[in-house]
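Asker: Take a look at the following structure, please.
The values are calculated or read from the model by the stated rules, or taken from the named source; none is laboratory data. Bear in mind that the values here come from a model prediction, so they are computed numbers and not experimental data. Heads up, the Cβs are rebuilt from the backbone with ideal geometry, glycines too, and the neighbour counts pull from every protein chain shown. Side chains included, ligands, DNA and RNA excluded: accessible areas come from the protein's heavy atoms. Shrake-Rupley method; radii C 1.70, N 1.55, O 1.52, S 1.80 Å.
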Amino acid sequence: MLKELFESAFYLTHPRKAGTLLMLHETLHHGSFSMCDPLACADCEHCRTNPGERKNIKVHSSSDVHVLGLSQVFALMTSDSDKNCDYLIESCGVPCLLEMTCSRQQYVEKSKRSHAMSQLYSTLCVLFEVPDIRAHMERAPKRYAVFSWKNKDLLEDDADVVERGFLPFTRFADETYSIDNEQNFDFGFRFKEVRYPDTLDFDALML
């Protein structure tokens, strides 16, 4: 669905590099699954040594979830642009732009959250220049820009069992965070922050 939309419309507005093959890859999921940003996990020592834990977000939907990696889309553009977020995912008619990372909370508070929001905004600027994609998103009953991250402060050495046992409770120290929090974003989108292992639940988004 997203693959066909982008292949048919995106490069009419943003020309494709000569000699490149137009074959975008889209995946389809149902129920509950996890996603990661391979680049973020490659910079995370915990993820490198624990391949099974390369996860930045959990997603759930009772309907099909379409997932399109946006780096592959932007890489084909003739104009150089690295101002894209990680994924566009869509379910229940709700599109979500998704930017993910593994980080310590101090770095998220200092710069990574604002950088993620900038990436999400820059991506929307490019997408909304494409008439068919803009119309597709504006038809959506709701639409979201999502920043998801896994807190590396909670991924301590397993040897320190006692200290590790108390670490999850630090998630409650930041009283401003809630999976239900939303705020206005640009282009009619709503911004959400999702901290792993919390779940981006499309069924809840539709309520």
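Asker: If you average 1/r over all unlike Cα pairs in the chain and invert the result, what Kirkwood radius do you get in angstrom?
Answerer: Taking every pair of different Cα atoms in the chain, averaging 1/r and inverting gives 18.0 Å.
Asker: About its Cα centre, what dipole magnitude does the chain give when the only charges are +1 on Lys and Arg Cβ and -1 on Asp and Glu Cβ, stated in debye to the nearest 20?
Answerer: With Lys and Arg at +1 and Asp and Glu at -1, about 380 debye.
Asker: Something else now. Do any trypsin sites (Lys or Arg not before Pro) in the stretch 1-90 lie in a DSSP loop with no more than 14 other beta carbon atoms within 10 Å, and if so, which? Numbers along the way, then the final one.
Answerer: Numbers: sites: 3, 16, 17, 48, 54, 55, 58, 83; in loops: 17, 54, 55, 83.
Answer by residue number: 17, 83.
Asker: Any number yet on Rg/Rh for the stretch 4-85, C-alpha, Kirkwood?
Answerer: For the stretch 4-85, the value is 1.04.
Asker: Once neighbouring chains are kept in place and the probe is 1.4 Å, which whole percent of the accessible area of the stretch 1-145 is contributed by carbon and sulfur? Each step should come with its number before you reach the end.
Answerer: Working: 3630 of 7020 Å².
Carbon and sulfur: 52 percent of the exposed surface of the stretch 1-145.
Asker: Moving on to the next point. Hey, in the chain, which Cys have no second cysteine's beta-carbon closer than 4.7 Å?
Answerer: 36, 85, 92, 96, 125
Asker: What span do the alpha-carbon atoms of the stretch 78-119 cover on each of the three principal axes, reported in whole Å from largest to smallest?
Answerer: Here the spans come out as 35, 32, 14 Å, largest first.
Asker: Can you check what the net charge comes to around residue 31, using other residues whose Cβ is under 12 Å from the Cβ of residue 31 (Lys, Arg +1; Asp, Glu -1)?
Answerer: Working: positive: 58; negative: 64, 201, 203.
Once all neighbours under 12 Å are counted, the net charge is -2.
Asker: Would you calculate, for the chain, the mean residue ellipticity at 222 nm contributed by helices, counting each DSSP H stretch of 4 or more residues as -39,500 (n - 2.57) and dividing by all residues, to the nearest 500?
Answerer: -7500 deg cm²/dmol
Asker: Per-residue HN-Hα couplings for the stretch 176-193, Karplus 6.51 cos²θ - 1.76 cosθ + 1.60 at θ = phi - 60°, whole Hz, x for Gly and Pro?
Answerer: Going residue by residue, I get 7, 7, 8, 4, 8, 5, 9, 8, 5, 10, 7, 6, x, 8, 10, 9, 10, 10 Hz, with x marking Gly and Pro.
Asker: Let me check I've understood the local charge: for residue 139, count other residues with C-beta under 13 angstrom from its C-beta, Lys and Arg +1, Asp and Glu -1. What total comes out?
Answerer: 0
Asker: Find which of 31, 179, 18 sits farthest along the positive direction of the dipole of the chain, computed with +1 on the beta-carbon of Lys and Arg, -1 on that of Asp and Glu, about the Cα centre.
Answerer: With unit charges placed on the Cβ atoms, the residue in question is 18.
Asker: Per 0.36 nm of contour for each residue apart, how much would the distance between residue 64 and residue 21 grow if the chain were fully extended, relative to their Cα-Cα spacing?
Answerer: 12.8 nm
Asker: Normalised by the residues of the chain, what does the relative contact order come to in percent, with Cα pairs under 8 Å and at least six apart?
Answerer: 23 percent
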